[in-house]
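Notes to accompany the following structure.
The values are calculated or read from the model by the stated rules, or taken from the named source; none is laboratory data. Here the structure is a predicted model, which is why all the values come from computation and not from measurement. Heads up, the Cβs are rebuilt from the backbone with ideal geometry, glycines too, and the neighbour counts pull from every protein chain shown. Surface accessibility is based on the protein's heavy atoms, side chains included, excluding ligands, DNA and RNA. Shrake-Rupley method; radii C 1.70, N 1.55, O 1.52, S 1.80 Å.
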Amino acid sequence: TPITGLNVSGTSQIVSQIPNFGSGVNTVGITALGTDIVGASAVDASGNIWYATTAGLMKSIDGGMTGTLKDAIANSMLQSAVLVAANGYIYWGPWNYGKFRRSTDGGVTWADVGTYTAGAQVSGPWGFCEDLIGYIYAAIYTAAGVYQQVILRSTDNGANWTTSYSGAGQHMHDVACD
């Protein structure tokens, strides 16, 4: 079902044709805060929509009609990855921060987990996925000099991450699990 007319804050601009990166929700025609852009979205077991914007991670409890900022990282230029895992943990990825963010309590509190190499204004998680046994994968896009794309894997709910794939000269924009 497409989300239309998501009104996050008063007079905002319409963001057109923003694709969703894995949650099954089509975010065409979302209104975001000011000049913010919606980069990714996910839906939790209660039907709440979590979406990453340039302002930070937002949550809508009313099907997308309104939203609340739940977590933000200063000076992060883009957020393009969010995942609600099967166990209810929520992950999102601020760009140029060097760490992922995770909530284990439905978005009430947030903590840094894992690390990745932050580049010169153009590196960060571009996608998350969870496989059938609960391992979490993150696609890291880095364009500081030579494109160096990495897929990281966590087998312990995000506490630790190891490199699952690394490739120079690749241009990675997402990761998918089956």
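Under a Cβ-Cβ cut-off of 12 Å, what is the net charge of the residues other than Val84 that fall near it, where Lys and Arg count +1 and Asp and Glu count -1? Its environment carries a net charge of 0.
With a 1.4 Å probe and all protein chains in place, put Asp174, Asp44 in order of accessible area, largest first. Intermediate values should be presented prior to the final figure.
On the way: Asp174 65, Asp44 30 Å².
Listed by decreasing accessible area, they come as Asp174, Asp44.
How much net charge surrounds Ile49 when only the other residues with a Cβ under 14 Å from the Cβ of Ile49 are counted, with Lys and Arg +1 and Asp and Glu -1? Neighbourhood net charge equals 0.
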